[in-house]
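The values are calculated or read from the model by the stated rules, or taken from the named source; none is laboratory data. Keep in mind that what you see is a predicted model, and the values were worked out from it rather than measured. Reconstructed Cβ throughout: ideal geometry from the backbone, glycine too, with neighbour counts over all protein chains shown. Note: areas computed on protein heavy atoms with side chains; ligands, DNA, RNA excluded. Shrake-Rupley method; radii C 1.70, N 1.55, O 1.52, S 1.80 Å.
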Number of protein chains: 2
Amino acid sequence: LFSSNLVPEARMTFHITILGTSSATFGHGRFLTAQVANIHDRLYLVDCGEGTQLQLLKYGINANRIDRIFISHLHGDHYYGLMGLLTSMSLKGRQAPLHLHAHAPLLDVLVAHQRAAQAALQYPLHFHPLEPGQAGVIAAVPGLEVEAFPLRHGIPCSGFLFRETPKPRRIIGERLPQGMPSELIETLKLGQSVRFGGKLCAWEDMTLPPKPSRSYAFCSDTVYHPPLAEWVRGADLLYHEATYDSRLADKALAHGHSTAEQAAQLAMAAGARHLAIGHYSVRYADPALLLEEACGVFPPTWLAEEGKRFHLDIDPDMGIGLSCERLPAKLP
Amino acid sequence: LFSSNLVPEARMTFHITILGTSSATFGHGRFLTAQVANIHDRLYLVDCGEGTQLQLLKYGINANRIDRIFISHLHGDHYYGLMGLLTSMSLKGRQAPLHLHAHAPLLDVLVAHQRAAQAALQYPLHFHPLEPGQAGVIAAVPGLEVEAFPLRHGIPCSGFLFRETPKPRRIIGERLPQGMPSELIETLKLGQSVRFGGKLCAWEDMTLPPKPSRSYAFCSDTVYHPPLAEWVRGADLLYHEATYDSRLADKALAHGHSTAEQAAQLAMAAGARHLAIGHYSVRYADPALLLEEACGVFPPTWLAEEGKRFHLDIDPDMGIGLSCERLPAKLP
């Protein structure tokens with residue numbers, strides 16, 4: 001079991017790297033939807049448009065460190081890079097199991113590809129089908145849960161919420177009696193008092209509240225859908241697609257997409273801390289217009305951009321801060 | 001019918017653009033196998049590794065001008081870019097039919113993808129299955145024939161020969177009687193004498209030999225296989241894979257590939273005019289070693305490289321010359 005006092009600080013990583021932001025097809029140097037979440041030093045890939053393996057190489061992320069892949073829906077711009085990535089993992093010697101969460105028809109695609117190549121992957125691939133409309137926890141590792149929730153798009157489409165599970169309380173070192181065994185310390189961290197050396201050690205005296213739990217919500221492709229706010233309530237970072245600007249609201253609705261304004265309205269209604277927008281139509285050479293529009297409604301909005309990494313860090317005062325860096329691009 | 005005297009000189013284009021040269025996976029900035037042949041101003045795509053649509057954008061080639069796609073075999077590095085390309089063609093308004101020549105299991109892959117997306121392409125896609133071991137003409141348009149021939153690789157694998165059909169003889173303008181109707185001129189060009197104005201006009205007097213017919217042979221993935229020389233005999237440009245250097249000849253054989261030396265031996269045995277090598281293993285940061293090795297056996301060898309275009313042009317003296325240019329890369 002995950003034991004929090006054995007977890008080095010490096011394991012408390014929580015960042016999201018954007019690999020692609022273009023809707024439907026390539027353009028203006030933008031790639032197709034794919035993001036890597038690094039949470040507690042484990043890697044999760046979310047969507048996998050064509051060229052995702054190239055973007056991983058470009059930004060120095062080792063594909064074989066990815067534990068799980070989540071595919072929101074089966075439009076090509078969100079998964080056509082998957083077969084190449086799975087194959088390259090095998091060619092590069094992967095043996096560790098890989099978990100793939102996606103809607104069921106993807107399995108038929110994988111089987112057809114494997115039959116065509118007359119070759120199997122050299123590692124176990126566990127396919128976890130998503131049901132249309134599925135809501136709730138679909139993956140859990142110590143310290144983290146991943147929930148699926150339904151988006152509204154032309155075909156079955158899922159959003160994903162990555163949420164740290166509640167953390168243990170923090171020990172106040174100087175109040176701890178010398179020599180207290182670790183089992184008792186762990187009990188205090190859970191908010192239960194213990195007896196040691198004949199004395200009651202009250203958890204209220206010896207611990208501080210836990211560090212806050214961070215969350216990231218990913219809404220790949222969806223029309224503006226207010227009930228979504230409940231699924232992503234209070235997310236520290238909400239990614240919501242913003243394919244069009246508000247002058248094209250009718251087009252957005254007809255194509256199962258949202259405007260930047262609608263993404264911002266959803267973030268506001270959900271009480272999100274920060275919003276990242278992406279999935280820009282190729283009609284926008286520069287998505288700055290979309291950023292302006294969203295910021296007008298919800299100021300803490302950021303543009304998703306290839307090679308941008310969003311960090312959710314816990315401040316010394318136990319708040320959750322968002323910072324952003326640009327990764328250097330290598331020759332892939 | 002194709003009438004040579006109506007064909008503007010621009011239509012006599014014959015060039016091959018290299019889009020990808022890497023074996024198995026991306027590396028060192030190299031992409032996966034894909035080439036575009038422009039012959040008589042018609043575009044043919046040969047193989048379609050992941051990222052091919054990105055390379056087409058990068059080198060300014062309009063995907064919707066492609067008439068036919070030929071896929072040599074169903075290993076992912078030769079076709080994982082196909083679904084994205086077909087989808088993007090549709091998104092970009094293609095209505096013209098597209099012909100796809102590939103081994104039969106690819107059809108199951110296409111069907112599985114379309115079922116998953118619940119969407120159809122907006123243009124007719126004609127699938128022409130290749131039989132394992134198939135040899136002979138698989139496509140013909142006026143002035144050009146494309147032949148398939150069998151390569152030796154782990155799964156059914158085809159090479160392709162693009163060959164101009166024999167051209168009509170060239171009229172010697174000053175010897176032509178004034179007012180001769182075009183039907184008679186066409187007859188002379190076919191090497192048949194005609195009567196005009198009561199006089200015999202002998203084809204030998206009024207015509208010169210035809211321009212030479214050019215040919216390009218594509219051997220994607222294969223072990224060294226001497227009988228191949230017969231299929232590609234006299235090719236003006238032979239592309240032959242050269243995954244390894246000769247120190248790794250055993251590995252080449254075991255993996256269904258060739259060394260640079262073997263590619264050159266094949267070119268020599270076939271009496272090819274020029275050889276282009278490609279499909280380099282990622283172990284070679286620079287394929288110059290492979291070029292040296294091939295040139296030692298067959299001096300007119302060229303490196304395939306991303307963005308390189310090989311022109312087969314007819315000289316004023318009616319020889320066939322090869323020239324090479326590097327295309328500028330745009331932001332894709």
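Quick notes
- Teacher prompt: residue A:165 distances to equivalent labels in other copies, 7 Å Cα→Cβ, nm: 7.2
- Angle between chain B longest axis and helix B:82-91 axis [Cα atoms, degrees, rounded to 10]: 60
- Total buried accessible area between B and A, probe 1.4 Å, nearest 100: 2800 Å².
- Backbone N within region B:141-175 under 18 Å of label point (7 Å from residue B:40 Cα along the Cβ vector): B:141-148, B:161-171
- Contact order normalised by residue count of chain A, Cα under 8 Å, 6+ apart, percent: 16
- Rg ratio (alpha-carbon, reference 2.2 N^0.38 Å) - region B:153-257: 1.79
- Volume per residue for region A:219-332 equals 118 cubic angstrom (convex hull of Cα atoms).
- With the cut-off at under 20 Å, measuring from each backbone N in region A:288-332 to a point 7 Å along the Cα-to-Cβ line of residue A:67 picks out A:310-314.
- Cα→Cβ-extended label distance, 7 Å offset, between residue B:295 and residue B:108, nm: 4.6
- Rounded to the nearest 10 Å², the accessible area of residue A:152 at probe 1.4 Å: 130
- Counting Cβ atoms of other protein chains within 10 Å of each residue's Cβ and taking the mean over peptide B:48-60 gives 3.
- Spatial separation of Cα centroids for region B:55-86 and region B:205-233, in angstrom: 24
- If you look at the Cα atoms of region A:36-99, you get an Rg and a Dmax of 11.0, 30 Å.
- The protein assembly as shown - mean residue ellipticity at 222 nm from DSSP helices (-39,500 (n - 2.57) per run, n ≥ 4, rounded to 500): -6000 deg cm²/dmol
- Springs join every pair of Cα atoms under 10 Å in this Gaussian network model of chain A, and among A:287, A:124, A:132 the largest mean-square fluctuation is at A:124.
- Compactness ratio for chain A: Cα radius of gyration over 2.2 N^0.38 Å (N = residue count) comes to 1.08.
- Judged by the ratio a/c of the largest to the smallest principal axis of the C-alpha gyration tensor, region A:80-123 counts as oblate, that ratio being 1.5 or greater while a/b is no larger than b/c.
- Accessible area per residue in Å² at 1.4 Å probe, computed on the protein assembly as shown: 41
- Accessible-area loss of 30 Å² or more (1.4 Å probe, protein heavy atoms, chain alone versus all protein chains) is found in region B:106-128 for B:109, B:112, B:113, B:116, B:117, B:118.
- Taking the label point 7 Å along Cα→Cβ, residue B:199 and its counterparts in the other copies are spaced 13.0 nm apart, in ascending order.
- Whichever lysines have a C-alpha closer than 25 Å to that of residue A:58, once near sequence neighbours (fewer than 8 apart) are set aside: A:92, A:308, A:330, B:58, B:308, B:330
- Rounded to 5, the percent of DSSP beta bridges in the protein assembly as shown classed as antiparallel: 60
- Take residue A:42, move 7 Å from Cα toward the beta carbon, and the resulting point lies 5.5 nm from the same point in each other copy, nearest first.
- Cα centroid separation, region A:300-314 to region B:88-166: 42 Å.
- Of the accessible area of region A:183-332, computed with a 1.4 Å probe over protein heavy atoms only, carbon and sulfur atoms account for 56 percent.
- These residues, A:199, B:167, B:251, go from largest to smallest accessible area, 1.4 Å probe, as A:199, B:251, B:167.
- Cubic angstrom per residue, convex hull over Cα atoms of the protein assembly as shown: 175
- Rounded to the nearest 20 debye, the dipole magnitude of region A:117-170 is 300 debye, with +1 charges on Lys and Arg beta carbons, -1 on Asp and Glu beta carbons, and the Cα centre as origin.
- Nearest-to-axis residue of chain B, judged by beta-carbon position, where the axis maps B onto A, in Å: B:112, 2
- Rounded to the nearest 20, the Cβ-based charge dipole of the protein assembly as shown about its Cα centre (Lys and Arg +1, Asp and Glu -1) stands at 80 debye.
- Label positions at residue B:192 and residue A:253, each projected 7 Å from the Cα along the C-beta direction, are separated by 6.8 nm.
- Projected label distance in nm at residue B:152 and residue A:121, using a 7 Å step from Cα toward the beta-carbon: 3.3
- Debye-sum result for region A:93-187 in log10 I(q)/I(0), which assumes one identical scatterer on each alpha carbon, at q = 0.16, 0.25 Å⁻¹: -0.84, -1.26
- Efficiency of FRET between residue B:28 and residue A:317 - r from beta-carbon atoms, R0 41 angstrom, step 0.05: 0.30
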